[in-house]
Amino acid sequence: MQNALSLLTASILLCSAAYAQEQPITAKKVGAYFQLELHRPDGKHSYFVMDTGSTGIVGSAKFFTPTKDEKSGGTCVPFGYSSSGNSYAGYIVKRDLSFGTIGEPPTKHLKDFPVYAAVQRCPAGKTPNCSSTPPEGCTLNPQVYMMGVGFDQASSFSQKDDDSNATNNPFLNLVDTDGKPLPQQNYALSSVKAGSPALDVYLASPKNPLPNLGQTITVPLSKPTDGTETLITPELAFALRNKTTGKPVFPTDAPQPVRFLPDTGISYGILSVSNRSAPCCTEGTSKSKIDTSAYDFQLFANPESKTPLTNLSYGTDQPLGQSARWSLNHPAGSALFFNSGQLFFQNCNYFYDPASSEITFSCHAADQ
């Protein structure tokens, strides 16, 4: 009996270990973006950009082809990306989907999941619609393939008669092969290895699967208190530092609170301020481009912290962050807003747990 119990205990432990050490899927760098492969039930598939700066799946209406009933019973919904300025018109439809590493069988599944089927795309200044004849300068059935996985905020697209207040993050709506929701809904992102053009994605883990890289903090997510924005982000502290002197130049006295977004959807950094002109540190005659050869970006756990969580140094030699710029006229009274783009993942990883609405950042020790 004791041997039988020992064998049973060993089997349970092995099963638990196998579950805890479940292999991640990998978002490979294709062009400028980290991408996964999304599959329809009929076998058709396409690469989709894994975007931690938005929420919800957006694809061409040629891939998510709305049926006649979906068109007649739905509403033409406007939608846009602030970083590019492009605007879209399309339908919200529900689909069964699977996804995983490019070139491998999909291992993650979604059931009856709302997606945005983009019928038209227009540049800034143009207004798209859902007809088969787009306005001049706009595109029919645009080649847009985005998988927005930005925390658990409401989807980046919405429709009044749709349950769009639900979390439309595909990483947080996984089901098993029978269509039943998985018991854990969380995700973790980590560089495969230093300098690697890929990110490992751990999904539905029993606990944080990532290693402590040296500097590790856990912080809550929150909305801005002044109601000027709805984006849910963590709040850290920030300083723009002179590389030569090692001293902060903006803000000049000490790190200041900053709402922070590590965004895999862009390969540059954006620092948003309420100023009408750049506070400092621009490159040459540029009015917005930051001179990244002379300045780098420091993130701290809070304004009182003496040790940075990480230093981000943008430059043309950095494939994950080639440049950085100011974004002006941010709502007055709001905290600074810093979108690091992809560069954050060069030295750091993160684990997001929606049950506690907390995110754990872990980074290699920063140069002082």
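The values are calculated or read from the model by the stated rules, or taken from the named source; none is laboratory data. Please read these numbers as outputs of a predicted model, since none were measured by experiment. Positions of Cβ are generated from backbone atoms using ideal geometry, with glycine treated the same way; all protein chains shown enter the neighbour counts. Side chains included, ligands, DNA and RNA excluded: accessible areas come from the protein's heavy atoms. Shrake-Rupley method; radii C 1.70, N 1.55, O 1.52, S 1.80 Å.
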Rounded, prolate or oblate for the stretch 38-93? Axes are the square roots of the Cα gyration tensor eigenvalues, ordered a ≥ b ≥ c, and the cut-off for rounded is a/c under 1.5. oblate
In Å², rounded to a whole number, the accessible area per residue of the stretch 213-368 with probe 1.4 Å is 44
Report, in cubic angstrom per residue, the convex hull volume of the C-alpha atoms of the stretch 78-137. 126
Listed peptides 294-301, 52-59, 258-265 by packing density, highest first (mean Cβ within 10 Å): 52-59, 258-265, 294-301
DSSP bridge pairs, the stretch 209-367: antiparallel proportion in percent, nearest 5: 80
For the stretch 275-368, which trypsin sites (Lys or Arg not before Pro) pass both filters: DSSP loop (anything but H, G, I, E, B) and at most 12 other C-beta atoms within 10 Å? Arg276, Lys287, Lys306
State the percent of C-alpha pairs, over all pairs in the chain, separated by a distance greater than 33 angstrom. 33
So, with +1 on the Cβ of K and R and -1 on the Cβ of D and E, and no other charges, what is the size of the charge dipole of the stretch 38-108 about its Cα centre, to the nearest 20 debye? 140
Please list log₁₀ I(q)/I(0) at q = 0.19, 0.21 Å⁻¹ for the stretch 245-368, using the Debye equation with identical point scatterers on the alpha-carbon positions. -1.17, -1.43
Taking placed amide H atoms and a strict 5 Å upper bound, the residues 5 or more places from Ser46 or on another chain that come that close are Leu38
GNM of the chain, Cα pairs under 10 angstrom: of Ala61, Ala355, Ala32, the biggest fluctuation goes to Ala355
Probe of 1.4 angstrom, ligands and nucleic acids ignored: what's the accessible area per residue over the stretch 34-127, in square angstrom? 41
Residue among Ser46, Ser293, Ser72 with the largest mean-square fluctuation in a Gaussian network model of the chain, springs linking Cα atoms under 10 Å: Ser72
Student exercise, the stretch 29-69 dipole from Lys, Arg, Asp, Glu Cβ charges, in Debye to nearest 20: 100
With every protein chain in place, the chain: carbon and sulfur % of accessible area (1.4 Å): 50
Which value, in debye to the nearest 20, describes the size of the charge dipole of the chain about its Cα centre when Lys and Arg Cβ atoms bear +1, Asp and Glu Cβ atoms bear -1, and nothing else is charged? 620
Spatially proximal lysines relative to Lys62 (Cα-Cα < 27 Å; intrachain offsets below 8 disregarded): Lys28, Lys29, Lys44, Lys71, Lys94, Lys108, Lys111, Lys126, Lys160
Mind checking which of Pro308, Phe361, Val249 is farthest towards the positive end of the stretch 216-368's charge dipole, using Cβ charges of +1 (Lys, Arg) and -1 (Asp, Glu) about the Cα centre? Val249
If each K or R counts +1 and each D or E counts -1, the residues other than Cys281 whose Cβ falls under 14 Å of its Cβ total +3
Sequence-distant or interchain residues sharing an amide H contact under 5 Å with Ser60, placed H: which? Ala118, Val144
